[in-house]
Structures are given as structure tokens and as C-alpha cells.
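Encoded as C-alpha cells, the structure appears first; notes follow it.
The values are calculated or read from the model by the stated rules, or taken from the named source; none is laboratory data. Being a predicted model, the structure only gives us computed values, none of them experimental. Backbone-built Cβ (ideal geometry, glycine too); neighbour counts: all protein chains shown. Keep in mind that these areas ignore ligands, DNA and RNA; they rest on the heavy atoms of the full protein, side chains included. Shrake-Rupley method; radii C 1.70, N 1.55, O 1.52, S 1.80 Å.
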Amino acid sequence: MTARTALVTGFVGGIGAAIAARLSAGGASVIVSDLAGDALQDAADKLGLPAVACDLTDSTSVKAAVQQITNDHAAPDIVVNAAGGVLGQVGVQLEDVDPQAWHSIFAVNVDATLYLAQALVPAMKAAGWGRIVTISSGAGLRASLTGIHAYTAAKHALVGLTKQLSLELGQNGITVNSIAPGFILSNPATRRQWDAFGPDGQAQLVSRIHTRRLGSPEDIASAAAFLTSQDAGWITGQILSVDGGVT
């Protein structure tokens, strides 16, 4: 991994930070990205990693960020896109789904992955090697505990995009896989959701997990470290459920 340059997006969230720390500990040169602001710089400073701000829902911003990383460091041959989530939204009845809210979740969960791939893949093709890992969700395989229609649909779309990119890029030495986490207490949004379940709902959720515990960001980071490694060179187009056995 010491020869590899990795870009980890969605860094400010707990999962992104854990992945960046794990890849860095493994020897990769890691650059982290999230929306501009003190939160990004403060989190990057804690790990001693270079940060590049980027709005992943804007293709122009993505191209500029990738060019900056390439100029200042090297062209990333690993990308783990941990950006996404529910954007503070909560579940509503079908009749109350707002079109703008719907599209905003698709933008950060699906469009961002497309834009990153478009910006990063040319250099990966030239090198004949690359690793792309998306972070989908159990909500991309079944209905979502969030009750948010757009989140469930977007994560299903991300699973489909992952498989399509794998088919297209595998011949170029580029693998494309997705990690589908179970319930991870990783940020304020998931903490609010956990609290909303109440004691009975929490107990019910944990009872469905074979390991009888919630997952941690480090559990997801371990999967990302494997899928981006040389050992995973013949694994592509896969959706790896990291959920303690729920799936």
C-alpha cells in the first residue's frame, strides 16, 4: 500500500474517518475530502492527513478537487466514497415526499459516485490498476429502517451503479465493490435515529443481529482495507454486507 494514493470522501462522518485512518496505517498516502469548513480541517488535523474540500454533487467541483490532488500529491488509484446519508431528513408518508428533498439525497448518494468515477478513472486506466469502493447500505438491499423513500431508492441505485462500473472497468484492472453496513452509530444522525427507537426498538434491532451488537466505524474500515488491497484483485462487482449477520 505504500505505493498507493487513496482518496476518502465523506471524511467528517465517523465511517469516513475510520477508513482514512485504517488506510493510512496500512501505508497508503491518504487524502481526505468533505464539504468546506472547519469540521473538515479540524478532523484532518487530528489524523495529520491532507484535506481537499469538495462538493461531490457538483461535477465541476469534483474535477477541480481531483486535479488539485493530482498536482499536489499523485493521481489517486484508490477511492472510497463514504459521502452520503439522509441529509437530516426523516421518514414521511408517500404523499408528503418533497421532490427537492428526493433529488438532494440522490445527488449525494448516487451522483457523487458517478462524478468521482468520471474524474478518477482515466488515470486508473492509464496505470492499469485501481480500486473503487462505494458505501451503500442494508437499505440498498431491502427496505430502510429510516423510512425515507429517497434513501432506500438511492442506495439501491448505488448498488446498481457499482455493478455497472465493475462490468465496464474490470478489464482495465479496476475493481469496483460496495460495502453495505448494518446499523452503525457513527454520527449525530444515526445517534438520533437510535434514540428514536426507544429501549424496546433498540432491543428488537439488536436481537436481529447475529453477533448481538451494533457495528462500529472500524468494522467498516476493515472491510474497506481488504477491498482496496492487492489481495482483492479478483473480487469485483460485489456488495459486502457488514452487518453482524442480518442479511
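Would you rank H149, H103 by solvent-accessible area, highest first, keeping every protein chain in place and using a 1.4 Å probe?
H103, H149
Rounded to the nearest Hz, the phi-derived 3J(HN,Hα) couplings of the stretch 96-110 under the Karplus curve 6.51 cos²θ - 1.76 cosθ + 1.60 (θ = phi - 60°) are 9, 5, 8, x, 5, 5, 4, 5, 5, 6, 5, 4, 7, 8, 10, where x marks glycine and proline. Taking the protein heavy atoms of the stretch 1-57 in the context of the full set of protein chains, the accessible area attributed to carbon and sulfur is 49 percent at 1.4 Å. So I have (1) 19.3; (2) 18.1; (3) 20.2, and one of them is Kirkwood radius over Cα pairs in Å calculated from this model. Which one is it? The listed entry that was calculated here is (2). Packing, taken as the mean count of other beta carbons within 10 Å per residue, orders the peptides 136-148, 33-45 from highest to lowest as 136-148, 33-45.
Rounded to the nearest 500, what is the chain's calculated 222 nm mean residue ellipticity when only DSSP H runs of at least 4 contribute -39500 (n - 2.57) each, over all residues?
Calculated at 222 nm, the ellipticity per residue is -14500 deg cm²/dmol.
Accessible area ranking (1.4 Å probe, heavy atoms, ligands and nucleic acids excluded), largest first, for K46, K155, K163: K46, K163, K155. Charged neighbours of L35, selected by a Cβ distance under 12 Å, balance to -4 (K, R count +1; D, E count -1). Of L185, L7, the order by accessible heavy-atom surface (1.4 Å probe, DNA, RNA and ligands excluded), from most exposed downward, is L185, L7. Rolling a 1.4 angstrom probe over the stretch 179-231 with all protein chains present gives an accessible area of which 52% lies on carbon and sulfur atoms.
By accessible area, using a 1.4 Å probe on protein heavy atoms only, the stretch 104-166 has 61% of its surface on carbon and sulfur.
Taking all protein chains into account, the per residue accessible area for the chain stands at 47 Å² (1.4 Å probe). Per the Kirkwood formula applied to alpha carbons, the stretch 1-67 shows a radius of gyration over Rh ratio, Rg over Rh, of 0.96.
The tail of the calculated P(r) for the stretch 92-196 beyond 16 Å holds 63 percent of all Cα-Cα pairs.
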